[in-house]
Amino acid sequence: MTMPSLHSDDHDTILYDVQHGDSLSRIIRRYHGPLAPGKQQAIIKRILLENPEIRDPNRIYPGQILVLDIPRQYCPIPKIMVPPVVTIDERAIGTLKQGLENTGKEQKTIISTLAPLTLAAASTGLGTLDYTFKSNAPLVAELAENYQDLMEKKITRGQYDYRRVKILKKLETKLGPLMRIGMGSKRPVNEVLRITRKKDAIPTKIIERKAERLLNLSRNLSRGGSVVLAGASLGVACHDIAHTDSRQEKNEILVEALGGIMGGVLYGTAVTLAIAMMATPVGWVAALVIAGVGAGVSYGFGVGARDLYTNMYSLDGNTIDIVHRLSIDAVCR
Amino acid sequence: MMDFLSDPNLGTYVMFYVAMGAIVLGFLLLILWVGLHPFLCRRFDKELFKAPWFRPNELFLYASWPFSPFRSAAYMLLLTFPAAIKKRRFKGVEIDTRGDRVLTFFSWIFLLVSSIGIFLMIVVLVEGAFAYVLSPNILDG
């Protein structure tokens with residue numbers, strides 16, 4: 001049985017009720033996963049410090065309550081048919097910051113553009129915008145943290161002003177022409193991101209709302225990107241089908257478009273399963289290779305499928321009319 | 001039957017249906033993934049979507065679309081190949097999946113469909129590459 005109690009930056013402190021068959025190494029493995037012996041020893045030492053009643057680490061008893069520091073657990077609540085999303089609260093800001101700190105700029109940019117290619121969707125432009133908004137949301141949140149530090153007297157007024165100006169300048173430089181979209185206002189950034197002086201209002205409310213806006217923009221871009229591009233690809237095919245008289249060509253366009261998208265889906269599935277299984281971090285060079293191969297496979301399969309259809313048509317002019325059978329004619333007019 | 005097998009265009013017919021098969025399986029794969037993802041995440045996220053099984057940047061990236069399918073892919077592998085995935089991603093995990101028969105069944109279907117689809121796609125790509133390289137027109141420009 002565990003009961004959450006205290007919190008630190010990246011750890012939760014819990015009270016752990018020792019069960020039959022438990023040992024310290026087993027408990028550590030449960031929360032930290034398999035560790036190198038040296039690291040495990042370090043954690044055992046910390047447990048002994050926090051639980052001075054334990055005299056021998058090899059002897060713990062069922063029913064004994066231990067104070068444990070475990071890695072903070074971030075579990076978004078999944079909803080049926082809607083993928084879980086990052087919401088703006090303290091935990092999300094922490095996770096975002098941590099995630100972004102551990103990922104290089106190139107890697108993030110490439111990763112943003114990897115999804116479209118592996119999942120046959122989205123675009124580099126949308127990926128870059130997504131990255132821009134997502135990476136700046138924590139910067140806005142820093143403003144709120146800066147104010148909290150001032151209120152808790154961790155910093156002086158001068159330090160607060162200096163940090164605030166620095167963050168705002170950084171934000172202005174990074175967002176550049178996207179400032180108006182990101183902030184949702186024409187006014188200068190220092191006027192938009194301000195502390196509320198209204199009575200009974202949370203002082204950092206406006207800043208938090210703007211951080212949330214950036215995250216929402218990012219989420220919508222990355223979510224919508226794939227749909228937009230898959231839709232755009234089918235839209236172009238639909239337009240070409242509508243403006244072609246030849247039955248053969250209509251079918252060839254359809255087969256190539258579907259082949260391209262489904263080739264990307266199949267390739268994306270293979271890559272996803274491999275990454276999920278191996279748990280090896282994908283560096284930006286690997287991401288670039290995966291994306292490049294994905295684009296090639298997607299294109300190659302589309303063209304290959306079209307060629308096969310053309311060959312079939314040349315053998316028998318009255319071959320399968322997929323456009324007619326799927327009533328694509330009725331939709332693409 | 002013998003007439004069909006001796007048809008000189010048999011290769012073209014077979015390859016065309018192989019390509020169409022891959023496209024249809026791709027569609028089926030998407031439907032299965034969209035259907036399975038929420039159920040798999042609801043079942044396993046609480047226990048598994050956290051450190052140390054996912055790195056901090058994975059927790060950040062896989063929380064939302066377009067990378068969230070990586071989570072369900074890992075859970076599907078846990079249901080179908082528990083021994084293999086416990087050696088890599090889910091090292092030392094202690095979770096009882098014996099009651100998840102429906103999810104396991106559909107995860108197997110998913111893996112079967114994806115394996116066949118990927119195999120058919122590779123066949124088309126290899127055949128296309130050979131046809132291109134061995135084409136006599138290639139020398140004529």
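Readers should treat all values here as calculations from the given coordinates under stated rules, not as data from a laboratory. Model, not experiment: these values are computed from the prediction. Reconstructed Cβ throughout: ideal geometry from the backbone, glycine too, with neighbour counts over all protein chains shown.
Going from the fewest other Cβ atoms within 10 Å to the most, the residues A:MET262, A:MET151, A:MET277, B:MET15 appear in the order A:MET151, A:MET277, B:MET15, A:MET262.
Rounded, prolate or oblate: pick one for region B:33-105, where a ≥ b ≥ c are the square roots of the eigenvalues of its C-alpha gyration tensor, a/c under 1.5 means rounded, and failing that, prolate if a/b is larger than b/c, else oblate. It comes out oblate by the Cα gyration axes. With the simple spin-label model, which puts each label point 7 Å out from Cα in the Cβ direction, the A:GLU53 to B:PHE81 separation comes to 4.7 nm.
Between A:LYS154 and A:TYR61, the modelled label-to-label distance comes to 4.1 nm, taking each label 7 Å out from Cα in the direction of the beta carbon. Shape class for chain B: prolate, because the ratio a/c of the largest to smallest gyration tensor axis (alpha-carbon atoms, square roots of eigenvalues) is 1.5 or more and a/b beats b/c. Within the listed set B:VAL113, B:VAL123, B:VAL102, the Gaussian network model of chain B (springs between alpha-carbon atoms below 10 Å) gives the highest mean-square fluctuation for B:VAL102.
Projected label points at B:GLU94 and B:GLU47, each 7 Å from Cα along the beta carbon direction, are separated by 1.2 nanometres. Taking other C-beta atoms within 10 Å as the exposure proxy, A:TYR147, A:TYR16 rank A:TYR147, A:TYR16 from fewest upward. Relative contact order, whole percent, for region B:29-137 stands at 31, derived from Cα pairs under 8 Å and 6 or more residues apart.
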